[in-house]
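J.: Structure incoming, see below.
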Amino acid sequence: LQEVAGSQTSVSIGIGWSDYLRLQARNWSQLDEYTAMGNGNDFAVNRLSYLFDLKGPSVSVDNGCTSGLSALYLACQSLWAGEASLALAGGVSLTLLPDRTIMLSKAGLLSGEGRCKTLDAQADGFVRGEGAGIVVLKPLSHVRQSDRVYALIRGIAVSHNGHNEWIFASSQVAQEALLRNAYRKAGLNPSEVDYIELNGTGFQQGDTI
């Protein structure tokens, strides 16, 4: 902890639907300053910076299913721009209330069978999950021999489909442009890639794309 205290370490966390806060807010008489500090999405991130005395950017990100990836994107940007010498990036999601599940179900986004069937002709939606995780990033030039390195991020890209047939619908044109951008940033030719991990939408249209 003393190693990072006072350093330009950035923190970015993907965090969104505040189930626990809504549980507490059912009884207004119990709400106080600690409720705000313990439940605000900004405080969830800022408390890490406060606890460890980190001076770099401290940002919460709510970007739906890609919140964790967007947090990683911001972490990389803070390192590459020289705003931070070390970065923490992660995501957290807990399902404590049925509200969002009900809304997503009525929007036709969740699998009626409660099973993800990605890349299957019978795919009919996704299934909500929960969890939390954080990764530590640093510039390659700062890596020491004693560090345990799991991956090297050569490039990262985030985009939006823009106007489409439906706000949730995937766009092949937009995703192709995103991949080209990611390869360009990484200085890689697609033919050099021999392993791809994908995240399917759980819908026939998105999975096909």
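J.: For residue 174 and residue 194 in the same chain, what is the full-extension length gain: residue separation times 0.36 nm, less their Cα-Cα distance, in nm?
T.: Once the chain is fully extended between residue 174 and residue 194, it gains 4.9 nm.
J.: Sticking with this structure for a sec: Using unit Cβ charges (K, R positive; D, E negative) and no other charged atoms, how large, in debye to the nearest 20, is the dipole of segment 1-140 about its Cα centre?
T.: 200 debye
J.: Shape of segment 37-102 from its Cα gyration tensor (a ≥ b ≥ c, root eigenvalues): rounded if a/c is under 1.5, otherwise prolate when a/b > b/c, or oblate?
T.: Taking the square roots of the gyration eigenvalues as a ≥ b ≥ c, segment 37-102 is oblate.
J.: Between residue 66 and residue 20, what FRET efficiency follows from the Cβ-Cβ distance if R0 is 22 Å, with the result rounded to 0.05?
T.: My answer for the efficiency is 0.50.
J.: Mind giving me the FRET efficiency for residue 135 and residue 27? R0 is 30 Å, r the Cβ-Cβ distance, nearest 0.05 is fine.
T.: Efficiency, from the Cβ-Cβ distance: 0.25.
J.: Taking +1 at the Cβ of each Lys and Arg and -1 at the Cβ of each Asp and Glu, which of 121, 156, 131 sits farthest along the dipole of segment 120-160 towards its positive end, judged by Cα position relative to the Cα centre?
T.: 156
J.: Which one, 96, 36, 49, projects farthest toward the positive side of the charge dipole computed for segment 18-97 from Cβ point charges (K/R +1, D/E -1)?
T.: So the residue we want is 96.
J.: Still on this structure: Counting other Cβ atoms within 10 Å, which chymotrypsin sites (Phe, Trp or Tyr not before Pro) in segment 137-188 have at most 16 and lie in a DSSP loop?
T.: 150, 166, 168
J.: Classify segment 1-77: rounded, prolate or oblate, from the alpha-carbon gyration tensor (a ≥ b ≥ c, eigenvalue square roots; a/c under 1.5 rounded; otherwise prolate if a/b is larger than b/c)?
T.: Judged from the Cα gyration tensor, segment 1-77 comes out oblate (a/c at least 1.5, b/c at or above a/b).
J.: With a Cα-only, solvent-free Debye model of segment 1-129, what are the log10 I(q)/I(0) values at q = 0.19 Å⁻¹?
T.: Here log10 of I(q) over I(0) equals -1.04.
J.: So, one more: I need the calculated FRET efficiency for the pair residue 165 and residue 115, taking r as the beta carbon distance and R₀ as 25 Å, to the nearest 0.05.
T.: 0.45
J.: A further question follows. Could you tell me which of rounded, prolate or oblate describes segment 161-209, using a ≥ b ≥ c as the square roots of the eigenvalues of the alpha-carbon gyration tensor, with rounded for a/c under 1.5 and, failing that, prolate when a/b is larger than b/c and oblate otherwise?
T.: Oblate shape, in that a/c is at least 1.5 and b/c is the bigger or equal ratio.
J.: Using a Cα-Cα cut-off of under 18 Å, which lysines could be cross-linked to residue 55, ignoring same-chain neighbours fewer than 8 residues away?
T.: 138
J.: Just to verify a number: what accessible area does residue 58 come out at with the full protein assembly present, 1.4 Å probe, Å² rounded to tens?
T.: Counting only protein heavy atoms, the figure is 40 Å².
The values are calculated or read from the model by the stated rules, or taken from the named source; none is laboratory data. None of the values given here were measured: they were computed from a predicted structure. As a convention, Cβ positions derive from the backbone with ideal geometry for all residues, glycine included, and neighbour counts pool all protein chains shown. Surface accessibility is based on the protein's heavy atoms, side chains included, excluding ligands, DNA and RNA. Shrake-Rupley method; radii C 1.70, N 1.55, O 1.52, S 1.80 Å.
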